1. Which residue, 62, 99, 42, has the most motion in a Gaussian network model of the chain that connects Cα atoms within less than 10 Å?
2. Using C-alpha positions alone, give me the convex hull volume of the range 68-146 per residue in cubic angstrom.
3. Check each of the trypsin sites (Lys or Arg not before Pro) in the range 1-106 and keep only those in coil by DSSP with at most 10 other C-beta atoms within 10 angstrom; list them in order.
4. Scan the range 1-62 for chymotrypsin sites (Phe, Trp or Tyr not before Pro) in coil per DSSP, keeping those whose Cβ has at most 15 other Cβ atoms within 10 Å, and list them by number.
5. How charged is the neighbourhood of residue 9? Take every other residue with its Cβ under 12 Å from the Cβ of residue 9, and add Lys/Arg as +1 and Asp/Glu as -1.
6. Rounded to the nearest 500, what is the chain's calculated 222 nm mean residue ellipticity when only DSSP H runs of at least 4 contribute -39500 (n - 2.57) each, over all residues?
7. Which of these values of Cα extents along the principal axes in Å was calculated from the structure shown: (i) 41, 33, 30; (ii) 44, 38, 29; (iii) 67, 31, 28?
8. Over the Cα atoms of the range 34-78, compute the convex hull volume and normalise it per residue, giving Å³.
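Derivation of every value follows stated rules applied to the coordinates shown; laboratory data play no part. Just so we're clear, the structure is a prediction, and the values are computed from it rather than from any experiment. Virtual Cβ from ideal backbone geometry, glycine too; neighbours counted across all protein chains shown.
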Amino acid sequence: MKTVKDILREKSKEIWSVSPKTMVFDALKLMSEKEIGALMVIDENNKVCGIFSERDYARKVILRGKSSRETFVEEIMTPIDQVYIVKPENTLEECMVIITGKHVRHLPVFDGDKFVGIISIGDVVKGKIAEQENLIEHLSNYIAGKYV
């Protein structure tokens, strides 16, 4: 059974983040350049403050008539105490329950108090598909008598 640790091992080690005082426009540019849907918000003391996602932008800037060039990320981010998080030992099934039940697309990963990465709904789905393909291959080999 695949875990969050397995997903993180396969992902790029680079974690993209912004400070709370980053302008929303600059955060969106970074997300576009890196082709990602969320950024962790980390302060000058290296403390995770929250997460900034495309959903935050859509619901808290555009719909409220704010300007992305005049709004700080800290004004619209989801604060860390409202973020659903996972641990490296969580299974993909546990992640899927959170993602579908809480309607989130990104899960920050913490090992104790230490932020170690972030996984997306795409990472979880890709991991589950790989898991299923592996199971199908083993069952096919068993049926074909390759394990005799």
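1. Among 62, 99, 42, the largest GNM mean-square fluctuation belongs to 62.
2. Details: hull volume 10.2 nm³, N = 79.
Taking only Cα atoms, the range 68-146 has a hull volume of 129 Å³ per residue.
3. Working: sites: 2, 5, 9, 11, 13, 21, 29, 34, 47, 55, 59, 60, 64, 66, 69, 102, 105; in loops: 2, 11, 13, 21, 47, 66, 69, 105.
Sites meeting the loop and neighbour criteria: 13, 69.
4. 16
5. Local net charge: +1.
6. Theoretical 222 nm ellipticity from helices: -12500 deg cm²/dmol.
7. Of the listed options (i) 41, 33, 30; (ii) 44, 38, 29; (iii) 67, 31, 28, (iii) comes from this structure.
8. Values: hull volume 3.7 nm³, N = 45.
In the range 34-78, the Cα hull volume divided by residue count equals 82 Å³.
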